Structures are given as C-alpha cells and as structure tokens.
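One structure is given here, and the rest of the page talks about it.
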Amino acid sequence: MPQSFRLPEGGLIDRARSLRFTFDGRSFDGHPGDTLASALLANGVHLVARSFKYHRPRGIFSAGAEEPNALVQLGEDPRTDPNQRATQVELFDGLSAKAQHCWPSLEVDFNQVTSLASRLIPSGFYYKTFMWPSWKYFEGPIRRAAGLGKAPRLPDPDRYDKCFAHCDVLVVGGGPAGLAAALAAGRTGARVILVEQDNRLGGSLLSAPETQIEGAPSADWVREAEAELATLPEVKVLKRTTCFAYYDHNLLGLLEKVTDHYAPYDRPAELPRQRMWRVRAGHVILATGAIERPLVFRDNDRPGIMLASAASSYLNRWAVKPGSRAVVFTNNEGGYRAALDLKSRGVDLAAVIDLQLAAEGPLSRRARDEGIPIKTGYAVTGTSGHLRLKKVFVAPLDGAGKRVFGGGEPIEADLLVSSGGWNPTVHLFCQSKGTLEWDDSLACFRPDASMQRNQAVVGAANGTFGLSSVLVEAHAAALAAADAAGFSTGGEASTAPTSVEERDFLPMREIYLVPSIKPLGQGGKHFVDQQHDVTAADLLLAMREGYRSIEHVKRYTTTGMATDQGKTSNVAAIGIVAEHLGKTVPEVGVTTFRPPYTAVTFGAFAGRDVDDFLDPERTTPMHAWHRAHGAAFEDVGQWKRAWYYPQAGEDMAAAVNREVKAARDSVGILDASTLGKIEIRGPDAGVFLDRIYTNVFSTLKVGRARYGLMLKEDGMVFDDGVTTRLAEDRYLMTTTTGGAANVMSWLEEWLQTEWPDLKVYLTSVTEQWATMTISGPNARALLAELTELDLSTDSFPHMSMAEGEVAGVKARIFRISFTGELSYEINVPSRYGLAVWQALIRVGQKYAITPYGTEAMHVLRAEKGFIIVGQETDGSVTPLDLGMNWIVSKKKDFLGRRSLSRPDMLKADRKQLVGLLTEDGREVLPEGAQLVESNHDIRPPIPMVGHVTSSYWSPNCGQSIALALVKGGRDRMGERLYAALPDRTISCTVTEPLFFDKTGERLHG
Amino acid sequence: MLLIPCPHCGPRAEIEFSYGGEAHIARPEEPDELTDQEWSDYVFMRRNPKGVVLERWVHAHGCRRWFNAARDTVTYEILAIYPMGQNPPELPEPRYL
C-alpha cells in the first residue's frame, strides 16, 4: 500500500527499509525511524480512536508524550499494552495495534449515541442521577461504556529489571539544552547520566532542520555531541528512557524501554523488556523542554486537527504531510512557523487565522511575503466533518475577544493546526515540590523556587525559549553542577555552543476560550481535556455549582485527570476558570503534579519480585514434615504455620475437631517455633523488664517463668508472652509470632533513647530454637520416655524451666501451657528440631500423639479464655478491659501505667472481654459480628454494644463458644445479646470468658 | 525517598530506616505527679510545624541505632544529624522563607 502522504525526500527515516504493520486489522507500511503515528499519517490515516465518554472520532493530535487522543491497544494478550500513545510507539516490523473502546468498529461506533445525548450528561451527571437505590448497581455498565484500553488478562510473560545508579549530574532531556549540559558536565570528568525518552537525541532540533548551531546545521551538532558523549567514559546516555518521577533528595525514577522497539522475532532473549532505574543524583539538571498549548475552540477535536508544532514535526522529522489543505489557527507568532513549513512542503495552505489584531513578527512577515492568506483579528468558530475534518468556519472577533461577528465563513480543509503558546514541561520540577510563577511576558507557568538542593531547570523547561540563551543557560548550569561536585571546569570546556536567538512565539494574544457563533455548549463542543472529554461548558457548570478552587473544579469535571494528566489541557482549564471568575491565571493557580509523567507498566515496578520472590517466606525446621503430612498452612506474618492436618476424607472442621479432642484426651503436638524469642541479658535486665511489663520480673527466681503483658504508653495492650529467668542476669522473653520484630524494636528503642544508663543487651534468638509443644494428659508420660529429667510437679512445677536432654539433644523445656492442659514446650537448637519432633512422634504413637495446627491451638486456648493479642485486642484494649487487673502491678511504674488511670480508661461502658454462648449451641457466631441488645422492633440507628473477637465450635464443650468485647460486659453476665448478621440475628448469652476446666485442675495434672 | 545520613553507616535510603516521631519528648520521671492533661500531652500531642522538625530515626535495616535529625518539612532537607540525648545544633533559617 503506498504511503501517499509521505514526502519524496527528507526526514529522519530509513527509506531503504520498509516495515509492515497492522492497525485495526488493516496492513500498512512505514520505515525505520517512524512512530506508529507518523506511519499512520503517511498512509493518510487520521482517525485512530474514539473518545472516553462521548465516543467521538479522534485523530492524532500531537507528536509526543502529550498526546491526548491517539491511544491504541498494542499487541495481543498476554503481550498487550493498553493506552499506548501512537506518537511515542516506535514502529517495528510486525507491529499490531488496535483502536480502543469502540464497537463494532472505529468508523461505526454505536456508543456514539452518548454524544447525541451529551447535553443531558454533563459533569457529575452520573453521580447525581444514578443514586437510587445505590450507585453500585449502575457503576458497572457505566464504566464499561466509558473508558480506554483493556488490561492484559494473562500473566505477563516478560522479564523486567531494576537498576540502581548514582551519578554526579543527571540530565533529563536530550534536546539542545540537555545535550549542551551533558557535554559541559561530561567534559569535566563528572559522572553524568543523560536521559532521553525518544529513540534519538536532539529534541526540538529534530523537527527544525534549518536551525544552526556553531554555524552548522543543528543535526550535525547533535551528531557530533552524541559522538563525543560516547567517548567520555563517565557519561552514560539512556535513550528510550523516560524520567517519570522525581522523588525526595534527588532520587529519580527512569523507565528504559529496552526491547519494545524490536520486531518480536528479533528481540534478544537475554535482555529484559524494560528496566526501572532509580538514580540518586548529586545534581539534577532538568532540560525537559516545553509542550505546545492548543487553542480551545468549538469542535476542536476532529481527526485532522493537531498542534502546530506537531505538524512541523511530521513534515520535517518524518517527511509526512499531515493533510492536503490546511488552516493554521494561532494566537501568536509561532503559528507562522507551521504555516511556512506546511507551505514549503507542498501542503495547500488555505489561511492563517490569527487571534492577534496584527501580526508583525519576522515569521508572519515572511508568511505574508510568501503570499499566505492571513486573517488577523479572526477566530475559528467551529469545524465540520465526521470522521475527518472537512470544513473550518472562521469569523472576525470583537476587540475584547469575547464574541464573533457573522455566521462564520467556511473554509475547506482536511488539516487544522493550532498554536496557543507554550508550556514549560515543569512536571518533574513540580513533583520535586518546586513552586511555579506565572510569567506574564511569556504567558506561561515557569519554575520559581526549587525545594531540592542541587537542582537546576534549564532551557524551555525554565521558560528560556531562544536557542542561544538555552545553550548558554544549560552550559552554565552544568558547569556549576560539575564544579560543586568537585570537578575542574577550567579550560576550553567553558564555552557554550553558539546559535541564533529566536523567541518565535511571542507576542501572543491570550484568549483561553475562543468564542463561537452560538452560546457555549450549544451546537458543538469546546474540548479542554480531550482525553477525558471535558469541555469548557463542563468547567463553567462546575463554577455555577459553586466550585471555586481549581483542585475542586479538576476533581468534579475530571479535567487533567486522564492518563495524560492534562499535558495539553491544564493551562487552558486554568485560563478559562480565571476568565470566568474574573481572576488572573496565577490567582487561580495550578493543580498538583504527581508521578508518573507518563504511565509505567506494573511489570516494571515489580521487576523480578514476582511469584516466589514477591515476599519472603519463613519456615520452621519442621516445615518439611508438615508438608509431608498433608498440613494446610496459614500465613502468620511472613511465617508459614501448619494450620491443620486433614486426614483422608476430612474437611477442615473435622480435622480441627479431631486435633482439639486429641490434645485434651491424650496428647497433641504443636510446632511453636515461630513464637518470637528474645534474650535479655545484663545486670539491669530485671529492672528493664519491670519497666516494660505490667507485672514484676526482677523478683522472678532463676528457672521460673511468668506471663507478662506489655502496653504502649497509651495504656493499650501491645504484646504478651512468657518470660523465663535463665540466670541471675539473663532472661528469655517470648513474644507473639507476628509481634516479634516490633517487640524487639520497642525494647531497643527504650534502651537506646530513654534508658541508655541501663546495662541490658538484647539478642533475637527466634530462629536459633525449634520449639515443639506437647500438650495433654499424656504429655508427661511421653516426655519421660525421652528424657532423664525429673518431671514430677514438685521438682518441675507449672511455670518453670529445666535444661536437659530430650531424645539425646540438649534442650530447654518450659512447663507452660496455652491450652490449659499439662504442657511442655521443648526448645532445641534449630538444626535438631526435625529429629526431636520425629522422635516425639515415633514414641508418641503409643499415646496416639496427634499433631495439631494453629486452628486447633486457637480453639483450645479459647476454651480456656486465653487471649490472642491482635485478635481479642486491636490497639484500643487495656488490661482492665480484658479483666486482667491481676497482672497489673500497683507497686512500680511501667510503660503505659499512668494512662490506665485516665478518666476514659475507667468508664464503666468500656468494651470488656466476655464469653458468649449461642442459644442454639450448634450455631457458631461469625467472628467480627456486631452485637445489639434487641432483635425486634428495631429502627436505625441501632446502638452497637460490642463485637465477637473469637468464635469456634468446641468439641470439648459440645457447643459453640465465643469471646467478645462488649460495653460494660462484666456487668451483663447472663444477659441476652444478638449478633446482627445481614440476613438474620443469632441470640446468645453473656458468660464468663472461660468454658472448660474452670478450676484449672488439668493444668497442674 | 529520603537519603538519610546514618551517623554510623553513612548515607542510606529511607527504606532502611524507621521513623520515631518527634524528638526531645522526655518520659516524665514521676508520672503520678502529672495531671491527666499533662500526661496525655506527653503521650499524644506532637508538633506539626511548617519548617524545621526535630525527629528521631532508627537505622532499622542497618546498625539498628537511634539518632536525632533536624528536617525541613517543606523541602524534606535533612539539616543536621545528632546523637540521642544531645541538644539540637544551631540551624540556619529555611531558605524558602
């Protein structure tokens, strides 16, 4: 198929090779050097998309990262990327792209009915209208009708890498400013990284071949600069790399597209698809250029309408005629640049429509000399043409720029380019918290105060538009950065490249909303944000409804909130709001810029941290045994804990019931290795523990153990566990599995910050010990078969510790119990854990030893009313609430003690721990269920009096049991409460939080 | 992400550290002599100034040592690092004021 809009010569494309690609199923040819957009335009394709809300036909609007319309779906699942800007997609052989968000086809899209009804669906319409019975019933269909591309459904097969780099000077942007900066800094020997999102260096120079630098065509200068940079060993040039984020302290995020531009059959298998760089730069030079601002006029969104600078780029860089007959619409001198380019490349130029009352600059003079028809003081009042621009309507404008005269004179054209001035690309600068100022002479926001050290913004990004000034500024900033980084900047390196000064877009007539022959919103649309289909009428509606802050107007209308973040629309929106409110643009101000500058695929953020590498897994020494015996696992923190061990034909409930029974009837064994263990050593260890725990540990005898509760200073329970005195100056603290790291940090914090005088040393020994708990009436008999120790209660009572051998391995044995049964916690060095566990299982066969998991452990402890921190507590529960006053010392100070006497802590209606028994004992309350006082004649608001914290079927009690936090619960014993569920209520009775062996005989068995 | 100069390990990325809130809040020596108001001020009330904050950090994934820092809440610049128990150094006026 011929590329009928390709110019016969020129452009930075390789005409010797052709690349075949498809768009929406149709095949086309392009050349290396093309983007998808330039190749489509070369084939005369303008219509590439349907719009977000109204499904309006849309074309290619720009030639870069600012593209609002030409978003396409690239590739096939799983290698598919939605919302790719055709203007930035490098063409490769076999590329396949599809139009997004249209049905049945791009040309005929049934959803365009939304456009016909558009007067009925302004901003906020959906939220205002679909309120009954609930927005949730409407959200799905509405979101399907609106939207952009489709995310891949299959897992991403590609590999992504993360790289970390440091440099002295990071230069963002490889245009004239960035190149001058990189050269100047690089020549000093400084470590420089130059980042360019394009596949070529040169920036704006690529589209302006007539520009001269150092007395030669700028293309030569760019080539020489690139060649020189390649010779500098400390300089790294990253092309196809977007700096998408500027974080604190000069940390910048880069996305390097490594193989996206290769034909699929050519992609080197050893390379990742993309690399995510995090660069910590000593100095940052932002040379990010500027983005042209379109004019906002009626029906400014048709295919065939684009930015003036984009037209120049397509003509000069890609040798593509973006149309056959063009109209240029401008408010500034710079628009004439496009007019001259179009005319010289053989496009029939119908007219330049200039909002200015007179055009007297060098470019407009040249245009006039070349016979281009110019209408100053005129406006484009509208356009026509469905799938492609056909006509442009123009009319004279009044002196105030508020209205036009006459009905609009038609001009036949298939291309309309507009220029409304330039916006410095300040996104990264603003992400780094830099502030902007409005420059009246340039009519744009430019960088004001920097909030980062060692940062400079140069060139157009800084509002410096003349090429000569740009080069001087960039050069000077780079030398200053290199100097500050300690590199000598003397000698010949210190001259900036020279060029001709052209500030060609000034002067300008600022009119943000171009009037039409009909009132706004009637008979056409003035699009401000084309990607989100936000019109000027939407903005005015928001202000009529009372929105004043630009941040609110933005959120209400969603202007600037699409994937392009308003790169071509934000200033126009601010200008229109300002004009309407009678304020100046700086008074209205800007919205917040946030990363990423352009979208980054999730794969790049994830890098190789996927699948097994997503999160570390911690396993105990006995993990292999649990696996081999069919355990189901649950995650506790990063630990994999055996949850229950289902036997053939058992479901979870059956397995847990069997395990729970076994631990009470004979003996069960639990892997408790995950409990946190901290050794606390030093002459002040006892004093330290007295301050940390609510109860006293300094008086604990060697070899004895005590349960302790830890509070934060606000008096709320933070962790619990048993601490044993191993020696006069040595304690072993156990913590909850999930809380181990936090407790360690908590202890360290107090020792280092508040009590550095205490001689105490902490060592985490969680992983050094394997812990297995045998629990049940036969626990002693079993252990006796594997140890010589005297296990009689007299010599080894409850809450004590003994050291000896178990199965021939040196062990610490703690007689402590979390089940209410006679229990021994056997600790052996980790490497012997599996062997000792297997010995216990082997010898335990005669007692029908039963391994039990965490679920059975929970049931067993709940039968005894033992709390689990994080289940019965949630950071708002005190020891008093738990009924644990017995553990709160009155004789000493400890962390959180003073808070316990605050008035709020003593209120009678605080939630207190109680037990609950359901009326129908077979019914198990759902954990988290809210409790109410009545189940009949209830009308909202219904007071919630508490909630269920733990609830299980208890095979040992033969009924369900639950723990709950209930307001004033201890005074409600015997009271009836109701668990309120979505479809019913369950009635239950408040009891003591203790259901089994209420006298505690078994514990001492 | 901040680059925090750990006094023991050198400059390290923020993810290696944990934040410890405002510095120089000493635990009252005699909590019982405080009114409820005074105690709750100690427990709950913290400054949130625009400008310099004195705060505590711990190099949790490094040397695990605590230290004090002076940081500007506008620029996030870290102006000084000093040991626990020491008074903050003299600091220049923020340059954006």
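It is to be established whether one or more residues within the range B:40-53 are surrounded by 17 or more Cβ atoms within 10 Å (Cβ to Cβ), within 11 Å of another protein chain (Cβ to nearest Cβ) and within 21 Å of residue B:89 (Cβ to Cβ). Within the range B:40-53 (the criterion being surrounded by 17 or more Cβ atoms within 10 Å (Cβ to Cβ), within 11 Å of another protein chain (Cβ to nearest Cβ) and within 21 Å of residue B:89 (Cβ to Cβ)), the answer is no, since none of the residues qualifies.
Residue-by-condition table, conditions (1) closer than 21 Å to residue A:424 by Cα; (2) outside the structural domain of residue A:489 (by TED's automatic domain parsing); (3) touching a residue at least 40 places away in the same chain (Cβ under 8 Å):
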{"position": "A:194", "(1), (2), (3)": "yes, no, yes"}
{"position": "A:213", "(1), (2), (3)": "no, no, yes"}
{"position": "A:245", "(1), (2), (3)": "yes, no, yes"}
{"position": "A:254", "(1), (2), (3)": "yes, no, yes"}
{"position": "A:267", "(1), (2), (3)": "no, no, no"}
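The condition (being at pLDDT 95 or above and buried (at least 16 other Cβ atoms within 10 Å of the Cβ)) is satisfied by just one residue among B:15, B:25: B:25. The sole residue among A:658, A:681, A:664 that is surrounded by fewer than 23 Cβ atoms within 10 Å (Cβ to Cβ), modelled with pLDDT of 95 or more and farther than 30 Å from residue A:846 by Cα is A:681. Taking residues in the range A:988-1005 that are touching a residue at least 40 places away in the same chain (Cβ under 8 Å), and partners anywhere that are of a type in the set (S, T, N, Q) and crowded, with 16+ Cβ neighbours inside 10 Å, the pairs with Cβ atoms closer than 7 Å and at least 6 places apart or on different chains are A:988/A:918; A:995/A:954; A:996/A:956; A:1003/A:817. If you filter the range B:70-85 down to residues that are part of a loop (DSSP other than H, G, I, E, B) and either under 11 Å from the mean Cα position of the chain (by Cα) or among the β-branched types (Val, Ile, Thr) (or both), you find that the one that is farthest from residue A:249 (Cα to Cα) is B:84. I'm trying to understand the selection: among the residues of the range A:235-247, which are assigned to a strand (DSSP E or B) and either buried (at least 20 other Cβ atoms within 10 Å of the Cβ) or away from chain B (no Cβ under 14 Å) (or both)? Answer for the range A:235-247, where residues must be assigned to a strand (DSSP E or B) and either buried (at least 20 other Cβ atoms within 10 Å of the Cβ) or away from chain B (no Cβ under 14 Å) (or both): A:235, A:236, A:237, A:238, A:241, A:242, A:243, A:244, A:245, A:246. Residues of the range B:54-69 that are under 14 Å from the mean Cα position of the chain (by Cα) and either within 16 Å of residue A:744 (Cα to Cα) or within 11 Å of chain A (Cβ to nearest Cβ) (or both): B:56, B:57, B:58, B:59, B:65, B:66, B:67, B:68.
Residues in the range A:248-283 that are crowded, with 19+ Cβ neighbours inside 10 Å, assigned to a strand (DSSP E or B) and within 13 Å of chain B (Cβ to nearest Cβ): 6 in all. For residue B:88, indicate whether it is touching a residue at least 40 places away in the same chain (Cβ under 8 Å), surrounded by fewer than 16 Cβ atoms within 10 Å (Cβ to Cβ) and either more than 10 Å from chain A (Cβ to nearest Cβ) or part of a loop (DSSP other than H, G, I, E, B) (or both). Here the answer is yes, as residue B:88 does meet what is asked. Put simply, of A:893, A:904 the only residue that is within 14 Å of chain B (Cβ to nearest Cβ) and modelled with pLDDT under 95 is A:904.
The sole residue among A:390, A:321, A:375, A:343 that is farther than 28 Å from residue A:88 by Cα, modelled with pLDDT of 95 or more and charged (D, E, K, R) is A:375. For the range A:812-849, a residue qualifies if it is outside any loop (DSSP other than H, G, I, E, B), closer than 20 Å to residue A:659 by Cβ and touching an Asp or Glu at 6+ places or on another chain (Cβ under 8 Å), and the qualifying residues are A:837, A:843.
If you scan the range A:384-425, which residues turn out to be touching a residue at least 12 places away in the same chain (Cβ under 8 Å) and either among the aromatic types (Phe, Trp, Tyr) or closer than 30 Å to residue A:288 by Cβ (or both)? Within the range A:384-425, A:393, A:415, A:416, A:417, A:418, A:419, A:420, A:421, A:422, A:423, A:424, A:425 qualify.
Scanning the range A:686-741 for residues that are acidic (Asp, Glu), farther than 25 Å from residue A:898 by Cβ and in contact (Cβ under 8 Å) with a residue 40 or more places away in the chain yields a single hit, A:729. Exactly one residue out of A:460, A:456 is more than 26 Å from residue A:336 (Cα to Cα) and more than 14 Å from chain B (Cβ to nearest Cβ): that is A:456. Screening the range A:345-451 for strands (runs of 3 or more DSSP E) wholly inside it with 3 or more residues that are hydrophobic (A, V, I, L, M, F, W, C) returns the ranges A:348-354, A:391-396, A:415-419. Against the definition (among the β-branched types (Val, Ile, Thr), modelled with pLDDT under 95 and either over 29 Å from the mean Cα position of the chain (by Cα) or surrounded by fewer than 17 Cβ atoms within 10 Å (Cβ to Cβ) (or both)), how does residue A:108 come out, yes or no? So residue A:108 passes the test. If you go through the range A:727-739 and pick out every residue that is touching a Ser or Thr at 6+ places or on another chain (Cβ under 8 Å) and at pLDDT below 95, you end up with 1. For the range B:1-38, a tally of residues being assigned to a strand (DSSP E or B), closer than 30 Å to residue A:898 by Cβ and either more than 9 Å from every other protein chain (Cβ to nearest Cβ) or among the hydrophobic types (A, V, I, L, M, F, W, C) (or both) returns 3.
The values are calculated or read from the model by the stated rules, or taken from the named source; none is laboratory data. Note that the structure is predicted; figures quoted are calculated from it, not measured. Methodologically, a virtual Cβ is constructed for each residue, glycine included, from the backbone with ideal geometry; neighbour enumeration extends over all protein chains shown.
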